[in-house]
Amino acid sequence: MKHFKEYSKYYDLLYRDKDYNAEVAYIDEIIRKYKQGNAFLLDIGCGTGKHASIFADKGYEVHGVDISETMINIAKENYGQKAMFSNQDMRFLDLNKKFDVITSLFHVMSYQTDNDSVRSCFKSVNSHLNNDGIFIFDCWYGPGVVNDLPSVRVKRMSDEQYDIVRIAEPVIHWNESVIDVNFDILIKEKRSSVLTQIQEKHPMRYFFKNEVDLFAQEFGFKIVDFFAWLSFNEPTSKDWYVVFVLKK
């Protein structure tokens, strides 16, 4: 899985408009419903560590893991004093410790595009979660995707060093419930005017509640909450993103 290998250097700029503080505040509110006190939290697919850092600021003891070594190196450099970070694949975690809460945010679960990968993830989470622990993840939501089909999108971001244009072109594979998001990224280094082009394909799976429920039951979990992302409302076909809260 080579997603973000070249892209990771520019990741924080591309998602500079993402409200990490609001997202952590939302997840923290969900956690507090089930856990009191300062929980031991594992953030799977932590990327460059921004969510993990904010969780640490809220009093959690945090360990972040990501499949991208480059991302983990950035996380360690920026936030290594706040949290522990490891380069691991969520399907095959081997941390020799258990957690009160496991989170997996920004659609990391949707990168698990086949059933074997999803099962491996649930198995890994189960083996690293304390009894009565909770697993919180967001993902692409089938009814929302089917109701509002993806289209080509263009994003432009810049800072004092770079101008970036990213084109995202989707290709839908209906029988697999997968969308290939083909990224074409053009980066201009302002000082030198050097242009760099990066092309990556990110296959993303969209999920339906009943299939998540089957995976959950298979690995000893129960869905205890299910919301439209960043809300406490029941998802509808207008929602592309949802959050699942599972209890072991």
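Which count do you get for residues in the range 225-239 that are surrounded by fewer than 19 Cβ atoms within 10 Å (Cβ to Cβ) and more than 28 Å from Asn131 (Cα to Cα)?
Number satisfying all stated conditions: 3.
So Phe227 ticks every box in (1) in contact with a helix residue (DSSP H, G or I) (Cβ under 7 Å, 6 or more places away or on another chain); (2) part of a strand (DSSP E or B); (3) over 30 Å from Ser158 (Cβ atoms) but one. Which box is left unticked?
(1)
Going by the structure shown, is Met204 surrounded by 14 or more Cβ atoms within 10 Å (Cβ to Cβ), touching a strand residue (DSSP E or B) at 6+ places or on another chain (Cβ under 8 Å), in contact (Cβ under 8 Å) with a residue 40 or more places away in the chain and not in a strand (DSSP E or B)?
Here the answer is no, as Met204 does not meet what is asked.
Inside the range 48-92, can you point out the residues that are of a type in the set (Ser, Thr, Tyr), touching a helix residue (DSSP H, G or I) at 6+ places or on another chain (Cβ under 6 Å) and under 14 Å from Val24 (Cβ atoms)?
Residues satisfying the conditions are Ser53, Tyr79.
Within the range 140-195, take every residue that is among the polar types (S, T, N, Q) and not in a loop (DSSP other than H, G, I, E, B) and give me the one that is farthest from His107 (Cα to Cα).
Applying the filter and picking the extreme gives Ser158.
Looking at Val212, Val178, can you tell me which residue is outside the structural domain of Asp28 (by TED's automatic domain parsing), closer than 19 Å to Arg119 by Cβ and surrounded by 14 or more Cβ atoms within 10 Å (Cβ to Cβ)?
Checking each option against the conditions leaves just Val178.
Of all residues in the range 204-220, count the ones that are of a type in the set (Gly, Ala, Ser) and within 19 Å of the chain's Cα centre (by Cα).
Qualifying residue count, the range 204-220: 1.
Give the residue, chosen from Trp240, Trp229, that is touching a Gly at 6+ places or on another chain (Cβ under 9 Å) and in the same structural domain as Arg16 (by TED's automatic domain parsing).
After applying the criteria, what remains is Trp240.
With respect to Lys222, is the statement that it is surrounded by 14 or more Cβ atoms within 10 Å (Cβ to Cβ) and either under 15 Å from Leu129 (Cβ atoms) or assigned by TED's automatic domain parsing to the domain that holds Lys123 (or both) true?
no
So which of Lys58, Lys155, Lys123 is in contact with a strand residue (DSSP E or B) (Cβ under 8 Å, 6 or more places away or on another chain) and surrounded by fewer than 21 Cβ atoms within 10 Å (Cβ to Cβ)?
On inspection, the qualifying residue turns out to be Lys155.
Restrict the check to the range 152-167 and report whether at least one residue is among the acidic types (Asp, Glu) and outside the structural domain of Thr196 (by TED's automatic domain parsing).
No, that holds for no residue.
The values are calculated or read from the model by the stated rules, or taken from the named source; none is laboratory data. All values reported here derive from a predicted model rather than from experimental measurement. Positions of Cβ are generated from backbone atoms using ideal geometry, with glycine treated the same way; all protein chains shown enter the neighbour counts.
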